[in-house]
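Written below as structure tokens is the structure these notes are about.
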Amino acid sequence: MNTHDDVILKADNLYFSYDDDTSHSLNGLSLEIRRKKKIAFMGANGSGKSTFFLCCTGICRPQSGKLFFNGKEYSYSKKELLELRSKIGIVFQDPDNQLFSASVYQEISFGILNLGVPEEQARKEVEEVIDTLEITPFRHKPTHALSGGQKKQVSIADILVMHPDIIILDEPSAALDPRHTTMVNQIVNRMTQQGITVMMATHDVNYAYEWADEVVLFHEGKVLIHGTPAEVFTNRAALRQTNLEPPVVLELFESLCQKQILKTSLPLPRNLKTLEKYISDIHLNPCYGGKNTMSSEAKKAILAVSFGTSHNDTREVTIDAIEQDIRDAFPDYTLYRAWTSKMIIRKLKTRDNVHVHNVKEAMEQMRADGITDVLIQPTHVINGIENDLMKEDALAYRDDFHSISFGDPLLTSEQDNLDVIRAITEEFSDLKQDEALVLMGHGTTHYANAIYAALDYTFKDKGYRNIFLGTVEAYPSMESLMRMIKEYNPRKVILAPFMIVAGDHAKNDMAGDDPDSWYSQFKAAGFETETRIIGLGQYPGIRRIFVKHLKAIQ
């Protein structure tokens, strides 16, 4: 229960209308804000968030109801409003509504000098804020010549220099590029570390869930629900009423609990890092010892297991390239190949009279060759059905070898996610902010499919809001992608496969001329669309991950 001293801002039955008494932007809103908390305000456009913020700063005055700051009711006298605005600062969604001075330095100095702070002290305070918010490179520029991200930095500095008790941020990341979004988020974190109460309007449920101490959902001018992120975002009825989706982390956690992969007794994860820790804690020992003890010198081999492809052009630059990197990294090991797709193996035999071993045949060949210790490295993207069956086939021969060890598929750990993101962003370093990169994964009914949604979330979490990951056969689906792309509204969509080889799915389901292909669907939706037929195996960064996984079990 809140104590009187704990409440810094209180709204009591507020009503406010821009037009007349028949339509209210605030419709009996009551709310208490606790000191030094991070509060996320969410709700549909027009639900009253911005109007409430304007009332908190005295810019708008409610037609009825009361507001209290530090226990004292707002009086709306000129003197008290000036004092109030030195203690409650607002950073508008559009910084052009806030900035008016000729230069950046003058802009940041204006507010603190108007408070009557001595010039020398004010100068010191301004310099500290300029340094903290990394404004020094453009401190003498005219405010109208700044980029959107720089204007946002200056508008925050305007408020921060006055040492307010509360800072209100109305969609602070709106229209910012990934670098400035990350910078603004870091600035917000520093504010909260200084003990400032931060009230933020945002539509980003994933960010709000991880960042906030409390979440307030507005609906039709009043508070629908106010509680901890866990209380609010597990309330499906309230989310539906405000057109919000649950955070990805919670959806993944719930899915893994339903499949009995994780236990419901675990605390709700607040971020992807925690969820990945839960998953990594159930990771099995990848090394299996057989009954066959070594009576002679060890003879070591690596079995590279791939799904396979009938497209020789993409095989040469993906599977062959991965295997060559493995040979180069492990010159003391003999390399064997196995593919898991029976259909592709049959097709190659019929078409080219070329036989590729399946896993069982490869294990038998290594046994016949006198191999004692086997490292098996799958080139699978996830720990899905193919990977499970591969392990089952290989372990049927465990008694024939001294040891069998399995390297991880591409996406297994938190670090793998980060390494994959690095590899992709290096490959698409020319991606512009008004372009969207859409990656097509395969997808599976296996519970491991959750990693696709997790990776898509991680792209956004790391500031790459214009990179999207979907799947052909599962979630995130094309329907979900199309909705997200339309919300982002890029000038151009670039399609690329999120598969080791750029085979049939990439050439037909993604880039084909059929009306159902992703290329055709994005074109039909009015987007300039480009396809890049390049498999993940062509990315040097992806091949390095497979080599690293092998070294981890060596």
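The values are calculated or read from the model by the stated rules, or taken from the named source; none is laboratory data. Here the structure is a predicted model, which is why all the values come from computation and not from measurement. Every residue, glycine among them, receives a Cβ derived from its backbone with ideal geometry; neighbour counts consider all protein chains shown. Protein only, heavy atoms only, side chains kept; ligands, DNA and RNA dropped before computing areas. Shrake-Rupley method; radii C 1.70, N 1.55, O 1.52, S 1.80 Å.
What the table below lists for this structure:
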| quantity | calculated |
| --- | --- |
| Extreme residue, nearest to VAL188 (Cα to Cα), among residues of region 8-44 that are touching a strand residue (DSSP E or B) at 6+ places or on another chain (Cβ under 7 Å), open to solvent by less than 40 Å² (accessible area, probe 1.4 Å) and of a type in the set (Gly, Ala, Ser) | ALA40 |
| Residue in region 156-164 that is on the phi > 0 side of the Ramachandran plot, surrounded by 20 or more Cβ atoms within 10 Å (Cβ to Cβ) and outside any helix (DSSP H, G or I) present | no |
| Failed condition for GLY512, given (1) in contact with a helix residue (DSSP H, G or I) (Cβ under 9 Å, 6 or more places away or on another chain); (2) part of a helix (DSSP H, G or I) | (2) |
| Counted residues, region 207-237 - those being buried (at least 20 other Cβ atoms within 10 Å of the Cβ) and either without any contact (Cβ under 8 Å) to a residue 12 or more places away in the chain or under 22 Å from THR264 (Cα atoms) (or both) | 4 |
| ILE261 open to solvent by less than 70 Å² (accessible area, probe 1.4 Å), hydrophobic (A, V, I, L, M, F, W, C) and modelled with pLDDT under 90 | yes |
| Of all residues making up region 485-542, the number that are closer than 14 Å to ILE467 by Cα and of a type in the set (D, E, K, R) | 4 |
| Test for ALA502: is it within 30 Å of ASP388 (Cα to Cα), in a helix (DSSP H, G or I) and touching a helix residue (DSSP H, G or I) at 6+ places or on another chain (Cβ under 8 Å) | no |
| Filter result (in contact with a helix residue (DSSP H, G or I) (Cβ under 8 Å, 6 or more places away or on another chain) and among the hydroxyl-bearing types (Ser, Thr, Tyr)) within region 454-491 | TYR457, THR458, TYR464, THR471, TYR475 |
| Residue among LEU495, LEU481 that is in a helix (DSSP H, G or I), under 15 Å from THR529 (Cα atoms) and without any contact (Cβ under 8 Å) to a residue 60 or more places away in the chain | LEU481 |
| Test: residue in region 527-536 that is crowded, with 19+ Cβ neighbours inside 10 Å, modelled with pLDDT under 95 and not in a helix (DSSP H, G or I) | no |
| Checking MET200 against (1) of a type in the set (A, V, I, L, M); (2) touching a Phe, Trp or Tyr at 6+ places or on another chain (Cβ under 7 Å); (3) open to solvent by 40 Å² or more (accessible area, probe 1.4 Å), the condition it does not meet | (3) |
| Members of region 60-111 that are closer than 23 Å to ARG35 by Cα, part of a helix (DSSP H, G or I), open to solvent by less than 70 Å² (accessible area, probe 1.4 Å) and not hydroxyl-bearing (Ser, Thr, Tyr) | GLU80, LEU81, LEU84 |
| Test: residue in region 378-390 that is over 30 Å from ALA453 (Cβ atoms) and not basic (Lys, Arg) | no |
| Selection within region 455-481 - among the β-branched types (Val, Ile, Thr) and either open to solvent by less than 20 Å² (accessible area, probe 1.4 Å) or modelled with pLDDT under 90 (or both) | THR458, ILE467, THR471 |
| Every residue from region 112-129 that is in contact (Cβ under 8 Å) with a residue 40 or more places away in the chain and in a loop (DSSP other than H, G, I, E, B) | LEU115 |
| Residues of region 445-464 that turn out to be in a helix (DSSP H, G or I) and among the polar types (S, T, N, Q), as a count | 2 |
| Members of region 515-526 found to be aliphatic (A, V, I, L, M) and part of a helix (DSSP H, G or I), listed by number | ALA524 |
| The listed residue being in contact (Cβ under 8 Å) with a residue 12 or more places away in the chain and surrounded by fewer than 15 Cβ atoms within 10 Å (Cβ to Cβ), out of GLU276, GLU245 | GLU245 |
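Residues are listed down the side, and each one gets a yes or a no for (1) open to solvent by 10 Å² or more (accessible area, probe 1.4 Å); (2) under 20 Å from PRO409 (Cβ atoms); (3) in contact with a strand residue (DSSP E or B) (Cβ under 6 Å, 6 or more places away or on another chain):
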site	(1), (2), (3)
ILE451	yes, yes, no
PRO497	no, yes, yes
ALA511	yes, no, yes
LEU550	no, yes, yes
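Listed here are the residues, each with its yes/no results for (1) open to solvent by 40 Å² or more (accessible area, probe 1.4 Å); (2) assigned to a helix (DSSP H, G or I).
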{"position": "LEU303", "(1), (2)": "no, no"}
{"position": "GLY308", "(1), (2)": "no, no"}
{"position": "ILE322", "(1), (2)": "no, yes"}
{"position": "ARG327", "(1), (2)": "yes, yes"}
{"position": "ALA338", "(1), (2)": "no, no"}
{"position": "LYS349", "(1), (2)": "yes, yes"}
